[in-house]
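I have placed the structure first, in the form of C-alpha coordinates, so that the comments after it can refer back to it.
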Amino acid sequence: MKRAGLAILILSASGLSAAETITLRIADQKGNMHAEMEAAQQLNNLNYKIEWAEFPAAAPLAEALNAGAVDAGIIGDAPLLFSLAAGSQVKAVAVSKSVPEGLAVLVNPDSAIKTVADLKGKNIATGRGSIGHFEALKALEKAGISDKEVKWRFLTPADARIALANGSVDAWSTWDPYTALAEVTHTGRVLVNGVGLSSGNSFLAATDAALNDAGKRAALQDYVNRLAAADRWANSHVDEYSTTLAKIIGFPKEAAAKSFSRRQSHWQSIDDATIGQQQETADFYQKKGLIQQHLDVKPTFYQGLKVTQK
(Lines give C-alpha, C1' and ligand atoms only; values in the text may rest on other atoms or scores of the structure.)
Protein backbone atom coordinates (compact mmCIF):
# COMPACT_ATOMS: atom_id res chain seq x y z
CA MET A 1 0.00 0.00 0.00
CA LYS A 2 1.36 3.43 -0.84
CA ARG A 3 2.40 5.58 2.04
CA ALA A 4 3.69 8.55 0.11
CA GLY A 5 1.68 11.69 0.67
CA LEU A 6 -0.27 10.25 3.60
CA ALA A 7 0.82 12.79 6.16
CA ILE A 8 0.84 16.46 5.31
CA LEU A 9 2.42 17.58 8.57
CA ILE A 10 4.87 15.84 10.91
CA LEU A 11 5.65 17.45 14.26
CA SER A 12 7.15 16.33 17.56
CA ALA A 13 6.12 16.96 21.14
CA SER A 14 8.57 15.75 23.69
CA GLY A 15 11.10 17.20 26.11
CA LEU A 16 12.67 13.77 26.43
CA SER A 17 16.21 12.63 26.96
CA ALA A 18 18.04 11.22 23.98
CA ALA A 19 17.87 7.81 25.66
CA GLU A 20 14.06 7.66 25.50
CA THR A 21 12.87 5.00 23.09
CA ILE A 22 9.05 5.06 23.31
CA THR A 23 7.53 7.00 20.41
CA LEU A 24 3.82 7.23 19.66
CA ARG A 25 2.98 8.06 16.05
CA ILE A 26 -0.37 9.84 16.32
CA ALA A 27 -2.62 10.59 13.33
CA ASP A 28 -4.82 13.66 13.69
CA GLN A 29 -7.28 15.65 11.62
CA LYS A 30 -7.06 19.40 11.18
CA GLY A 31 -7.87 21.30 14.37
CA ASN A 32 -8.47 18.25 16.52
CA MET A 33 -6.41 16.47 19.18
CA HIS A 34 -3.08 18.23 18.66
CA ALA A 35 -4.61 21.70 18.76
CA GLU A 36 -6.61 20.98 21.89
CA MET A 37 -3.82 19.27 23.79
CA GLU A 38 -1.34 21.98 22.94
CA ALA A 39 -3.72 24.73 24.06
CA ALA A 40 -4.44 22.89 27.30
CA GLN A 41 -0.70 22.34 27.91
CA GLN A 42 -1.24 18.59 28.02
CA LEU A 43 1.84 17.94 25.90
CA ASN A 44 4.19 19.11 28.64
CA ASN A 45 6.36 16.74 30.68
CA LEU A 46 5.77 13.63 28.61
CA ASN A 47 7.90 10.58 29.37
CA TYR A 48 7.50 9.42 25.77
CA LYS A 49 7.72 11.10 22.39
CA ILE A 50 4.83 11.96 20.06
CA GLU A 51 5.23 12.24 16.31
CA TRP A 52 2.14 13.90 14.83
CA ALA A 53 0.81 13.21 11.36
CA GLU A 54 -2.00 15.52 10.21
CA PHE A 55 -4.60 14.50 7.63
CA PRO A 56 -7.37 16.49 5.89
CA ALA A 57 -10.01 13.76 6.38
CA ALA A 58 -10.63 10.31 7.82
CA ALA A 59 -10.03 8.23 4.67
CA PRO A 60 -6.28 8.92 4.30
CA LEU A 61 -5.93 8.69 8.09
CA ALA A 62 -7.50 5.23 8.05
CA GLU A 63 -5.15 4.27 5.23
CA ALA A 64 -2.19 5.27 7.40
CA LEU A 65 -3.52 3.16 10.28
CA ASN A 66 -4.10 0.19 7.99
CA ALA A 67 -0.59 0.51 6.60
CA GLY A 68 0.95 0.68 10.07
CA ALA A 69 2.40 4.10 9.25
CA VAL A 70 0.98 5.43 12.55
CA ASP A 71 0.20 3.82 15.91
CA ALA A 72 -3.09 5.53 16.69
CA GLY A 73 -5.44 8.16 15.34
CA ILE A 74 -8.80 9.87 15.71
CA ILE A 75 -11.51 8.59 13.40
CA GLY A 76 -15.29 8.76 13.12
CA ASP A 77 -17.54 5.76 13.60
CA ALA A 78 -18.29 5.29 9.90
CA PRO A 79 -14.69 5.45 8.59
CA LEU A 80 -13.62 3.08 11.37
CA LEU A 81 -16.15 0.54 10.16
CA PHE A 82 -14.86 0.67 6.59
CA SER A 83 -11.35 0.20 7.87
CA LEU A 84 -12.36 -2.80 9.94
CA ALA A 85 -14.46 -4.30 7.14
CA ALA A 86 -11.35 -4.17 4.97
CA GLY A 87 -9.56 -6.37 7.49
CA SER A 88 -7.34 -3.79 9.16
CA GLN A 89 -5.63 -4.75 12.41
CA VAL A 90 -6.97 -1.75 14.34
CA LYS A 91 -9.08 -1.43 17.47
CA ALA A 92 -11.02 1.46 19.04
CA VAL A 93 -9.60 2.17 22.51
CA ALA A 94 -11.52 5.27 23.64
CA VAL A 95 -14.59 7.19 22.48
CA SER A 96 -15.41 10.88 22.21
CA LYS A 97 -19.11 11.55 22.79
CA SER A 98 -20.43 14.74 21.22
CA VAL A 99 -23.57 16.46 19.93
CA PRO A 100 -23.50 15.97 16.12
CA GLU A 101 -24.95 19.39 15.28
CA GLY A 102 -21.91 20.27 13.19
CA LEU A 103 -22.43 17.20 11.00
CA ALA A 104 -24.62 18.56 8.22
CA VAL A 105 -25.80 18.54 4.64
CA LEU A 106 -25.15 22.00 3.22
CA VAL A 107 -26.61 23.76 0.20
CA ASN A 108 -25.91 27.20 -1.22
CA PRO A 109 -27.69 29.99 0.69
CA ASP A 110 -29.83 30.88 -2.34
CA SER A 111 -30.50 27.26 -3.36
CA ALA A 112 -34.05 26.27 -4.26
CA ILE A 113 -33.50 23.10 -2.21
CA LYS A 114 -35.51 23.52 0.98
CA THR A 115 -35.94 19.95 2.25
CA VAL A 116 -34.01 16.70 2.04
CA ALA A 117 -36.72 15.40 -0.30
CA ASP A 118 -35.61 18.08 -2.79
CA LEU A 119 -32.27 16.30 -3.13
CA LYS A 120 -33.81 13.62 -5.33
CA GLY A 121 -31.91 13.58 -8.62
CA LYS A 122 -29.31 16.05 -7.32
CA ASN A 123 -25.52 15.86 -6.91
CA ILE A 124 -24.20 15.40 -3.37
CA ALA A 125 -20.52 15.85 -2.54
CA THR A 126 -18.93 14.06 0.42
CA GLY A 127 -16.04 11.74 1.24
CA ARG A 128 -16.60 8.08 0.42
CA GLY A 129 -17.09 6.21 3.70
CA SER A 130 -16.82 9.40 5.73
CA ILE A 131 -19.14 10.47 8.52
CA GLY A 132 -20.53 12.95 5.97
CA HIS A 133 -21.44 10.02 3.72
CA PHE A 134 -23.23 8.39 6.66
CA GLU A 135 -25.11 11.64 7.45
CA ALA A 136 -26.34 11.99 3.86
CA LEU A 137 -27.46 8.35 3.69
CA LYS A 138 -29.33 8.64 6.99
CA ALA A 139 -31.01 11.90 5.96
CA LEU A 140 -32.09 10.45 2.61
CA GLU A 141 -33.50 7.32 4.22
CA LYS A 142 -35.50 9.38 6.70
CA ALA A 143 -36.91 11.39 3.80
CA GLY A 144 -37.86 8.21 1.94
CA ILE A 145 -35.30 8.68 -0.85
CA SER A 146 -33.10 5.86 -2.08
CA ASP A 147 -29.37 6.51 -2.14
CA LYS A 148 -29.57 5.48 -5.81
CA GLU A 149 -31.88 8.41 -6.54
CA VAL A 150 -29.07 10.92 -6.04
CA LYS A 151 -25.70 11.34 -7.75
CA TRP A 152 -22.66 11.00 -5.50
CA ARG A 153 -19.50 13.03 -5.97
CA PHE A 154 -16.78 11.73 -3.67
CA LEU A 155 -14.44 14.65 -2.99
CA THR A 156 -12.07 15.96 -0.34
CA PRO A 157 -13.47 18.73 1.90
CA ALA A 158 -11.48 21.38 0.05
CA ASP A 159 -12.70 20.24 -3.37
CA ALA A 160 -16.26 19.76 -2.16
CA ARG A 161 -16.36 23.32 -0.80
CA ILE A 162 -15.28 24.66 -4.18
CA ALA A 163 -17.76 22.42 -6.01
CA LEU A 164 -20.64 23.70 -3.89
CA ALA A 165 -19.58 27.32 -4.39
CA ASN A 166 -19.36 27.02 -8.19
CA GLY A 167 -22.57 25.04 -8.48
CA SER A 168 -21.06 21.82 -9.82
CA VAL A 169 -22.76 19.99 -6.93
CA ASP A 170 -26.09 20.78 -5.31
CA ALA A 171 -25.22 19.78 -1.76
CA TRP A 172 -22.24 18.94 0.42
CA SER A 173 -22.44 16.57 3.39
CA THR A 174 -19.66 17.50 5.79
CA TRP A 175 -18.67 18.10 9.41
CA ASP A 176 -17.21 20.79 11.63
CA PRO A 177 -15.20 22.94 11.35
CA TYR A 178 -16.21 23.06 7.66
CA THR A 179 -19.91 23.39 8.53
CA ALA A 180 -19.26 26.25 10.92
CA LEU A 181 -17.05 28.02 8.37
CA ALA A 182 -19.81 27.82 5.76
CA GLU A 183 -22.34 29.20 8.24
CA VAL A 184 -20.33 32.17 9.50
CA THR A 185 -19.12 33.13 6.00
CA HIS A 186 -22.65 32.68 4.59
CA THR A 187 -21.35 30.34 1.90
CA GLY A 188 -23.55 27.44 2.93
CA ARG A 189 -26.97 26.81 4.47
CA VAL A 190 -27.67 23.83 6.69
CA LEU A 191 -30.36 21.66 5.15
CA VAL A 192 -30.26 19.06 7.91
CA ASN A 193 -27.82 18.31 10.74
CA GLY A 194 -26.81 15.09 12.45
CA VAL A 195 -28.87 15.41 15.62
CA GLY A 196 -31.08 12.33 15.73
CA LEU A 197 -29.25 10.78 12.78
CA SER A 198 -25.74 10.16 14.10
CA SER A 199 -24.43 8.78 17.38
CA GLY A 200 -21.90 11.60 17.65
CA ASN A 201 -19.16 9.08 18.39
CA SER A 202 -15.55 9.48 17.34
CA PHE A 203 -12.84 7.06 18.34
CA LEU A 204 -9.20 6.92 19.20
CA ALA A 205 -8.14 3.82 17.29
CA ALA A 206 -4.83 2.03 17.78
CA THR A 207 -3.10 -0.67 15.78
CA ASP A 208 -2.84 -4.16 17.20
CA ALA A 209 0.93 -3.83 16.93
CA ALA A 210 0.93 -0.77 19.22
CA LEU A 211 -1.43 -2.41 21.73
CA ASN A 212 0.74 -5.53 21.81
CA ASP A 213 3.79 -3.41 22.67
CA ALA A 214 3.85 -2.90 26.47
CA GLY A 215 5.68 0.43 26.25
CA LYS A 216 3.37 1.89 23.62
CA ARG A 217 0.30 0.56 25.43
CA ALA A 218 1.37 2.36 28.61
CA ALA A 219 2.02 5.53 26.62
CA LEU A 220 -1.42 5.26 25.02
CA GLN A 221 -3.01 4.97 28.48
CA ASP A 222 -1.31 8.20 29.52
CA TYR A 223 -2.23 9.81 26.20
CA VAL A 224 -5.98 9.12 26.48
CA ASN A 225 -6.05 10.59 29.99
CA ARG A 226 -4.26 13.72 28.77
CA LEU A 227 -6.68 13.90 25.83
CA ALA A 228 -9.68 13.74 28.18
CA ALA A 229 -8.14 16.41 30.42
CA ALA A 230 -7.55 18.66 27.40
CA ASP A 231 -11.19 18.31 26.38
CA ARG A 232 -12.35 19.26 29.88
CA TRP A 233 -10.08 22.30 29.84
CA ALA A 234 -11.27 23.41 26.40
CA ASN A 235 -14.94 23.04 27.38
CA SER A 236 -14.37 25.37 30.34
CA HIS A 237 -12.24 27.86 28.36
CA VAL A 238 -14.18 28.09 25.10
CA ASP A 239 -13.19 31.67 24.26
CA GLU A 240 -9.50 31.14 24.97
CA TYR A 241 -9.41 27.83 23.16
CA SER A 242 -11.32 29.17 20.16
CA THR A 243 -8.68 31.88 19.70
CA THR A 244 -5.94 29.25 19.62
CA LEU A 245 -7.95 26.89 17.42
CA ALA A 246 -8.73 29.63 14.90
CA LYS A 247 -5.01 30.38 14.47
CA ILE A 248 -4.14 26.71 14.06
CA ILE A 249 -6.78 25.88 11.46
CA GLY A 250 -6.73 29.27 9.72
CA PHE A 251 -10.46 29.83 10.18
CA PRO A 252 -12.23 32.88 11.66
CA LYS A 253 -12.52 32.74 15.46
CA GLU A 254 -16.32 32.82 15.14
CA ALA A 255 -16.21 29.61 13.13
CA ALA A 256 -13.79 27.94 15.53
CA ALA A 257 -15.95 28.88 18.53
CA LYS A 258 -19.15 27.73 16.86
CA SER A 259 -17.55 24.46 15.82
CA PHE A 260 -16.18 23.58 19.23
CA SER A 261 -18.80 24.89 21.63
CA ARG A 262 -21.74 23.03 20.08
CA ARG A 263 -19.95 19.69 20.23
CA GLN A 264 -20.08 19.50 24.05
CA SER A 265 -17.61 16.67 23.70
CA HIS A 266 -16.03 14.43 26.30
CA TRP A 267 -13.78 11.37 26.13
CA GLN A 268 -14.64 8.17 27.94
CA SER A 269 -13.75 4.50 28.11
CA ILE A 270 -15.35 2.07 25.68
CA ASP A 271 -18.61 0.72 27.13
CA ASP A 272 -21.32 -1.71 26.00
CA ALA A 273 -23.65 1.12 24.91
CA THR A 274 -20.99 2.47 22.55
CA ILE A 275 -20.37 -0.98 21.08
CA GLY A 276 -24.13 -1.31 20.52
CA GLN A 277 -24.27 2.04 18.71
CA GLN A 278 -21.38 0.96 16.48
CA GLN A 279 -23.16 -2.29 15.67
CA GLU A 280 -26.22 -0.30 14.56
CA THR A 281 -24.00 1.76 12.27
CA ALA A 282 -22.43 -1.38 10.81
CA ASP A 283 -25.83 -2.93 10.19
CA PHE A 284 -26.99 0.27 8.46
CA TYR A 285 -24.02 0.23 6.10
CA GLN A 286 -24.59 -3.44 5.31
CA LYS A 287 -28.21 -2.65 4.50
CA LYS A 288 -27.04 0.07 2.11
CA GLY A 289 -24.62 -2.34 0.43
CA LEU A 290 -21.52 -0.39 1.45
CA ILE A 291 -20.33 -3.25 3.64
CA GLN A 292 -20.82 -6.55 1.87
CA GLN A 293 -21.02 -8.87 4.87
CA HIS A 294 -22.31 -8.78 8.43
CA LEU A 295 -19.68 -7.25 10.69
CA ASP A 296 -19.58 -8.15 14.37
CA VAL A 297 -18.02 -5.02 15.83
CA LYS A 298 -17.37 -6.27 19.37
CA PRO A 299 -13.94 -7.81 18.62
CA THR A 300 -12.88 -4.50 17.06
CA PHE A 301 -12.91 -2.75 20.45
CA TYR A 302 -10.17 -2.85 23.07
CA GLN A 303 -11.40 -2.17 26.60
CA GLY A 304 -8.04 -2.42 28.34
CA LEU A 305 -7.51 1.36 28.41
CA LYS A 306 -9.53 3.34 30.95
CA VAL A 307 -10.18 7.06 30.66
CA THR A 308 -9.84 8.85 34.00
CA GLN A 309 -12.54 11.43 34.67
CA LYS A 310 -11.19 14.04 37.07
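Mind giving me the FRET efficiency for Gln268 and Lys114? R0 is 30 Å, r the Cβ-Cβ distance, nearest 0.05 is fine.
0.20
Subtract the Cα-Cα distance of Gln293 and Ser261 from 0.36 nm times their separation in residues, and report this length gain in nm to one decimal.
Length gained between Gln293 and Ser261: 7.7 nm.
Of Val169, Leu103, Leu61, whose Cα points farthest to the positive end of the dipole of the chain (charges on the beta-carbon: +1 Lys, Arg; -1 Asp, Glu; origin at the Cα centre)?
Checking the options against the dipole of the chain, the answer is Val169.
Comparing Asp110, Asp159, Asp170, which has the greatest mean-square fluctuation in the GNM of the chain with Cα pairs linked when under 10 Å apart?
Highest fluctuation among the options: Asp110.
For Cα pairs less than 8 Å apart in space and 6+ apart in sequence, what is the mean separation divided by the residue count of the chain, i.e. the relative contact order in percent?
24 percent
Given an 8 Å cut-off on Cα distances and at least 6 residues of separation, report the relative contact order of segment 201-310 as a percent.
28 percent
Would you mind getting the accessible area per residue of segment 37-193, heavy atoms of the protein chains only, 1.4 Å probe, in Å²?
For segment 37-193, the per-residue accessible area is 37 Å².
Between Gln41 and Lys247, what is the label-point separation in nm under the 7 Å Cα-to-beta-carbon projection?
Going by the 7 Å Cα→Cβ label model, 1.5 nm.
What is the Cα centroid distance between segment 71-140 and segment 29-61, reported in whole angstrom?
That distance is 22 Å.
With a 1.4 Å probe and every protein chain kept in, tell me what percent of the accessible surface of the chain is carbon plus sulfur.
50 percent
Pull up the cross-link candidates among the lysines for Lys288, meaning alpha carbon to alpha carbon under 28 Å and not fewer than 8 places away within one chain.
Output for Lys288: Lys91, Lys97, Lys114, Lys120, Lys122, Lys138, Lys142, Lys148, Lys151, Lys298.
Enumerate the amide H contacts of Leu103 below 5 Å, restricted to partners 5 or more residues apart or on another chain; note that Pro and chain-start residues carry no placed amide H.
Here Asp176, Gly194 satisfy the definition.
Report, in debye and to the nearest 20, how large the dipole of the chain comes out about its Cα centre when Lys and Arg carry +1 and Asp and Glu carry -1 on their Cβ.
Working: 32 positive and 32 negative charges, 69 e Å.
Roughly 320 debye, rounded to the nearest 20.
The values are calculated or read from the model by the stated rules, or taken from the named source; none is laboratory data. What you see is a predicted model, and the numbers here were worked out from it, not measured in a lab. No Cβ is skipped: glycine too gets one built from the backbone with ideal geometry, and neighbour counts run over all protein chains shown. Accessible surface is based on the protein model in full, side chains and every heavy atom, while ligands, DNA and RNA are left aside. Shrake-Rupley method; radii C 1.70, N 1.55, O 1.52, S 1.80 Å.
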